[in-house]
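The values are calculated or read from the model by the stated rules, or taken from the named source; none is laboratory data. Here the structure is a predicted model, which means the values were calculated and not measured. Every residue, glycine among them, receives a Cβ derived from its backbone with ideal geometry; neighbour counts consider all protein chains shown. For accessibility, only protein heavy atoms count, side chains too; no ligands or nucleic acids. Shrake-Rupley method; radii C 1.70, N 1.55, O 1.52, S 1.80 Å.
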Amino acid sequence: MSSLALGKAEPAAGSTPGTAQGRRRIALLPTVTLVLGAVYCLLPVAWVVIAATKSGSELFSTFTFLPGTGFADNVSDLSAYRGGLYWEWMGNSALYAGLGALLSTCVSAFSGYALATYRFRGRETIFNVLLAGVLMPPVILAIPQYLLLARADLTDFYLSVLLPQILSPYGVYLSRIYAAAAVPADVVEAGRVDGAGERRIFTRIALPMMIPGMVTVFLFQFVAIWNNFLLPYIMLSDDEKFPITLGLYTLLEQGANTPALYTLVITGAFLAVLPLVALFLVIQRFWSLDLLSGAVKS
């Protein structure tokens, strides 16, 4: 009996390490998948960073993942191209993305708070229409927007790129979801009981609670406008008003006849990513501090 019992117990004891090892392998699978995904996404970025440091001869001879010696010359040539046109493109992108994201965040905050707080007829219909706008590809709206702005004689102006970016259905959607979760109805009602008006309740009570969500909306909108290519391509014809995406595209087209411009395109693409990285790092820190302070206050 004892030998049989021991014989039955031994496989059970021996199967424990195997089961634990199998669980470790299963747990390792998501990590490996994430690492492969990160390599897939970061490899083109690493290529651009390294290629921006190479001169034309180094770039077109044999490419290796070792930094070159031509980064300073590439930046100098890029800055000298047509009297510094590249930096005008960067300034235009900063204007479009900065002002457009700020205005879009304000509109999203007002709209999201109203949809989350007030009860009025047609509220759900408006929200469903906004959801349909989230699902609609921007390419479908680009041509109607161009026709409307052309009728108003606003094409080839800065407003033709700014105005369509102000209303973001996705930003309004996020603002409503965040306002409903972050602004308690009891706090709003208490403000009304104390005699505060609706504007004061929004600016002094609701908006500080919504700031972390609004920072997220601003970041999403800034990146979307900075990377937007189709709308400026349709609206603008004056290259001095181009954003960085459209400007680099024109350089790339000219590179078919002048291969030396390819190094300028690569260097310009690398420099164009730096503002986004810096903004993300700054806003992420600000966003984390707001979340922590909100958790402490709660």
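Looking only at residues that are in contact with a helix residue (DSSP H, G or I) (Cβ under 8 Å, 6 or more places away or on another chain) and without any contact (Cβ under 8 Å) to a residue 24 or more places away in the chain in the stretch 137-156, which one is nearest to residue 217 (Cα to Cα)?
Initial filter on the stretch 137-156 (in contact with a helix residue (DSSP H, G or I) (Cβ under 8 Å, 6 or more places away or on another chain)): 138-139, 141-143, 145-146, 149, 154-156.
Narrowing further to those that are without any contact (Cβ under 8 Å) to a residue 24 or more places away in the chain: 141, 154.
Numbers: 141: 21, 154: 27 Å.
This residue is 141.
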(message) If a residue must be open to solvent by less than 40 Å² (accessible area, probe 1.4 Å) and more than 16 Å from residue 244 (Cα to Cα), how many such residues does the stretch 49-91 contain?
(response) 11
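Looking at the stretch 132-143, which of its residues are assigned to a helix (DSSP H, G or I) and either aromatic (Phe, Trp, Tyr) or open to solvent by 60 Å² or more (accessible area, probe 1.4 Å) (or both)? Break it down into steps so the answer makes sense when it comes.
Residues of the stretch 132-143 assigned to a helix (DSSP H, G or I): 132-135, 138-143.
If the condition is that a residue be assigned to a helix (DSSP H, G or I) and either aromatic (Phe, Trp, Tyr) or open to solvent by 60 Å² or more (accessible area, probe 1.4 Å) (or both), then 135, 138, 139, 140, 141, 143 are the ones that fit.
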(request) Look at the stretch 20-66 and say how many of its residues are outside any helix (DSSP H, G or I) and touching a residue at least 12 places away in the same chain (Cβ under 8 Å). (result) 7
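Given the options 231, 167, name the one that is modelled with pLDDT under 90 and under 30 Å from residue 87 (Cα atoms).
The unique qualifying residue is 167.
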(message) Within the stretch 220-237, does at least one residue satisfy the condition of being surrounded by fewer than 22 Cβ atoms within 10 Å (Cβ to Cβ), touching a Leu at 6+ places or on another chain (Cβ under 8 Å) and over 17 Å from residue 96 (Cα atoms)?
(response) no
(request) Can you tell me which residue within the stretch 272-296, out of those that are crowded, with 18+ Cβ neighbours inside 10 Å and under 29 Å from residue 88 (Cα atoms), is modelled with the highest pLDDT? (result) 272
(request) For residue 215, state whether it is more than 30 Å from residue 111 (Cβ to Cβ), touching a residue at least 12 places away in the same chain (Cβ under 8 Å) and either open to solvent by less than 30 Å² (accessible area, probe 1.4 Å) or outside any helix (DSSP H, G or I) (or both). (result) no
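With respect to residue 156, determine if the residue is out of contact with any strand residue (DSSP E or B) (no Cβ under 6 Å at 6 or more places or on another chain) and not in a helix (DSSP H, G or I).
Numbers: out of contact with any strand residue (DSSP E or B) (no Cβ under 6 Å at 6 or more places or on another chain): yes; not in a helix (DSSP H, G or I): yes.
In short, yes.
Can we say residue 127 is modelled with pLDDT under 90 and either among the charged types (D, E, K, R) or in contact with a Leu (Cβ under 8 Å, 6 or more places away or on another chain) (or both)? Show your work before the answer.
Numbers: modelled with pLDDT under 90: yes; either among the charged types (D, E, K, R) or in contact with a Leu (Cβ under 8 Å, 6 or more places away or on another chain) (or both): yes.
So residue 127 passes the test.
Could you tell me which of the residues 125, 69 is assigned to a loop (DSSP other than H, G, I, E, B) and either without any contact (Cβ under 8 Å) to a residue 60 or more places away in the chain or in contact with a helix residue (DSSP H, G or I) (Cβ under 6 Å, 6 or more places away or on another chain) (or both)? Steps first, please.
On the way: 125 fails: assigned to a loop (DSSP other than H, G, I, E, B).
Every option except 69 fails the conditions.
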(request) Mind listing whichever residues of the stretch 163-203 are surrounded by 17 or more Cβ atoms within 10 Å (Cβ to Cβ) and closer than 30 Å to residue 237 by Cβ? (result) 163, 164, 165, 166, 168, 169, 170, 171
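Out of curiosity, is residue 207 touching a Pro at 6+ places or on another chain (Cβ under 8 Å), touching a residue at least 40 places away in the same chain (Cβ under 8 Å) and of a type outside the set (Phe, Trp, Tyr)? Don't jump to the end; show me each part of the working.
Working: touching a Pro at 6+ places or on another chain (Cβ under 8 Å): no; touching a residue at least 40 places away in the same chain (Cβ under 8 Å): yes; of a type outside the set (Phe, Trp, Tyr): yes.
When the stated conditions are applied, residue 207 does not pass them.
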(request) Can you give me the number of residues within the stretch 218-273 that are among the small types (Gly, Ala, Ser) and within 19 Å of residue 146 (Cβ to Cβ)? (result) 2
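Considering only the stretch 96-109, state which residues are touching a residue at least 40 places away in the same chain (Cβ under 8 Å) and within 16 Å of residue 213 (Cβ to Cβ). Full working, then the answer.
Initially, the stretch 96-109 is screened for residues touching a residue at least 40 places away in the same chain (Cβ under 8 Å), giving 96-105, 107-109.
Passing the criteria: 101, 102, 104, 105, 107, 108, 109.
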